[in-house]
1. Using only atoms on other chains, find how many Cβ atoms lie within 10 Å of each Cβ of peptide B:2-10 and report the average.
2. Determine the relative contact order of chain B: mean sequence separation of Cα pairs under 8 Å and six or more apart, normalised by residue count, in whole percent.
3. Just want to confirm a number: the relative contact order over chain A, from Cα pairs under 8 angstrom separated by 6+ residues, in percent.
4. Report, in listed order, any pair from A:Lys5/B:Lys56; A:Lys5/B:Lys144; A:Lys154/B:Lys78 with a Cα-Cα distance greater than 21 Å.
5. Binning at 5 Å from 0, report for the stretch A:20-135 what percent of all alpha-carbon pair distances ends up in each bin.
6. Only sites in a loop by DSSP and with at most 10 other Cβ atoms within 10 Å count here; which trypsin sites (Lys or Arg not before Pro) in the stretch B:167-234 make the cut?
7. Find the Cα radius of gyration of the stretch B:222-292, compare it with 2.2 N^0.38 Å by division, and give the number to two decimals.
8. Is the stretch B:7-53 rounded, prolate or oblate when judged by the Cα gyration tensor, a ≥ b ≥ c being the square roots of its eigenvalues, rounded requiring a/c under 1.5 and prolate requiring a/b larger than b/c?
Amino acid sequence: MSDKKTIRVTVNGTAHEAQVEPRTLLADFLRQELHFGGVHVGCEHGVCGVCTILMDGKAVRSCLTLAVQADGHEIVTIEGIANDAELHPIQQAFIEEHGLQCGFCTPGFVIAIYELLRDNKEPTEEQIMDVIGGEICRCTGYEGIRKAVRSAIKKLQAASA
Amino acid sequence: MKPAPFDYVIPATLEEAIGYLANDDVEAHVLAGGQSLVPAMNMRMSRPELLVDLAKVDDLDFIRDESGSLQLGAMTTKRDVEMSPVVAHAQPLLHAANMWVAHPQIRNRSTVGGSIAHADPAAEYPAVALLLGAEFEAQGPNGKRTIPVDDFFVTYFTTALEEGEVLTKVMLPAMAAGTGWSFQEIARRHGDFAMAGVGVTLQLDSAGHCQNTRVVPFALGPTPVRATAVEEAINGETPSADLFEHACQKMADGIEDPTSDVHASVEYRRHLSSVLGARALEEAVDRARAAN
Ligand SMILES: Cc1cc2nc3c(=O)[nH]c(=O)nc-3n(C[C@H](O)[C@H](O)[C@H](O)COP(=O)(O)OP(=O)(O)OC[C@H]3O[C@@H](n4cnc5c(N)ncnc54)[C@H](O)[C@@H]3O)c2cc1C
Ligand code: FES
Ligand code: FES
C-alpha cells in the first residue's frame with residue numbers, strides 16, 4: 001500500500017513532476033520538496049490559515065489538501081504573488097498599515113485577501129471579515145490588518161483606473 | 001500531525017468508486033473536500049487504508065432547480081452554493097445557513113455531500129435537510145436508493161449510508177408559498193461550529209394563526225431533531241413573544257442529554273437554544289407576514 005504516485009503540478013508558473021506518497025500533504029510537498037518556504041504550517045487541521053495557497057485560483061488550506069489531489073492543477077504560493085520588481089499592492093499595504101509584526105500569519109492573509117479582491121473590487125465589511133476571520137493572527141491584532149485591506153482596495157482601484 | 005500511510009485512487013466513474021468502497025478486505029473512505037476527513041487523519045483519529053477521491057467522477061457537481069425542488073450534486077462546494085443565483089432564489093434558507101459554515105477558504109473545498117455524510121451534530125447542513133424534509137440519493141453495490149431525511153441521521157457522525165454506498169444527490173423540496181423561515185446560531189467566533197442553533201419554517205393561516213410549524217434545534221445532541229412539542233404548542237395559536245418564549249423554554253428544559261464540552265456547558269446550551277428558538281420563531285413570523 002501507499003506506493004508513490006506521479007503528480008504534475010504547476011507552481012507559480014513553473015511545471016513540476018514529482019513522485020509523492022499519498023499521505024504527503026500539499027503544504028509539506030510545497031515546503032520540503034519544492035522549497036517554497038512562504039507556505040507556513042501551523043495547526044495542520046485547517047483552523048489557523050497560515051498554509052493557505054491558491055489552487056486553480058481558489059484560496060484553500062494546503063494542510064487539508066493532499067499533494068496527490070493537486071495533480072493536474074495550478075498552484076500559487078505567496079512567492080508567486082509579487083512580480084520580480086515590486087511587491088503586490090496587498091503586500092505593500094500590509095507594510096504601510098502595520099498589518100504584520102512577526103509575519104508568521106502573513107502569507108495566508110495575503111493569499112486569502114488576494115482571492116477576495118481579485119473577484120470583488122468593493123467588498124463589504126462583512127465580506128472582508130468573513131475572509132480574515134478565517135486566518136488567525138496572534139500578535140498584530142486585526143485592526144492593522146483591516147486597515148491594510150482597505151488600503152489595498154484603494155491601491156488596486158487606483159491601479160486599474 | 002501527519003496522516004498514517006494509505007493508498008489513494010481517483011476513479012473516473014461512480015461504478016469504479018463503488019467497486020473500491022465495497023471491497024471488504026480494505027478499509028476505504030470516500031474523499032470529498034477533505035475538510036473534515038483530512039484533519040481527522042492528520043490527528044490520527046481516522047486511519048483509512050484507501051482513499052477514494054470523487055473529484056473526477058462525472059455528474060456529482062451540479063445545482064438544479066426542478067420546479068422549485070433544489071437538487072444538489074454531492075460534490076458541489078459550499079462556495080458554489082454561496083455564489084449560485086439559483087440557490088439564492090429557490091432556497092434562501094439554504095443560502096443563509098451556508099454562510100454560517102466556516103470561511104471562504106474552507107467553503108472553496110468543503111462539499112454539500114461531505115457535510116451530510118459526515119453528520120457532525122453541530123453542522124448546519126443536516127439541520128437544514130431535516131427542516132426542509134430533504135431526500136438523499138445514494139448508490140452502492142446493490143444499486144440506487146432514495147433515503148428520506150427522517151431515516152438518515154442515526155447518531156453522532158453516523159448515517160444510514162451502508163458500506164460501499166456513495167451519497168450522490170441532495171434534494172430539497174421547495175417551501176410552500178407564504179412560508180416564513182429563520183436560521184439562527186451562536187458560535188464563539190463567526191465560522192466556528194455552532195454551540196447551539198435553531199432553524200424554523202412556518203406559515204400563517206388567514207386568521208394569522210401559525211400553522212405547519214417546523215422547529216429544528218441542532219448542536220445540542222447526537223443529531224438535529226424536530227422539536228415536535230414546540231411545533232404543537234404553536235400551531236393554531238396567534239404568534240406572540242410570550243408564546244414563543246414559553247414554548248422554547250420548555251423545549252430547552254426537555255432536551256435530553258445535551259452535549260457538554262469545552263465550548264459550552266449543558267446549562268449554557270439549554271439557555272442558548274431557548275433564546276435562539278424564540279428569536280427564530282419571531283423572525284420566521286415576520287418573513288411569513290412579508291410574504292403574504
Ligand atoms: C476550520 C474549519 C471550520 C469548519 N467549520 C464548519 C462549520 O462551521 N460548519 C460545518 O458544517 N462544517 C464546518 N467545517 C467542516 C466542513 O464543512 C467539512 O468540509 C464538511 O463537514 C465535510 O465536507 P467535505 O467535503 O470536506 O468532506 P470530507 O472531509 O472529504 O469527508 C467527510 C466524511 O464524509 C464522507 N463522505 C464525503 N462525501 C461523501 C459522499 N458523497 N458519500 C459518502 N460519504 C462521503 C467521507 O468519507 C468522510 O468520512 C469546518 C472545517 C474546518 C476545517
Ligand atoms: S496549518 Fe493549515 S490551517 Fe493551520
Ligand atoms: S503577525 Fe505574528 S501572528 Fe500575525
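The values are calculated or read from the model by the stated rules, or taken from the named source; none is laboratory data. Since the model is a prediction, treat every value here as computed from it, not as a measurement. Methodologically, a virtual Cβ is constructed for each residue, glycine included, from the backbone with ideal geometry; neighbour enumeration extends over all protein chains shown. Accessible surface areas use protein heavy atoms only, side chains included; no ligands, DNA or RNA. Shrake-Rupley method; radii C 1.70, N 1.55, O 1.52, S 1.80 Å.
1. Partner-chain Cβ atoms within 10 Å, mean over residues of B:2-10: 6.
2. 15 percent
3. So the answer I get is 23 percent.
4. Over 21 Å apart, Cα to Cα: A:Lys5/B:Lys144; A:Lys154/B:Lys78.
5. Calculated P(r), rounded to whole percents: 2, 12, 21, 25, 20, 12, 6, 2, 0.
6. Sparse-neighbourhood loop trypsin sites (Lys or Arg not before Pro): B:Arg189.
7. Taking the Cα Rg and dividing by 2.2 N^0.38 Å, one obtains 1.19.
8. Oblate.
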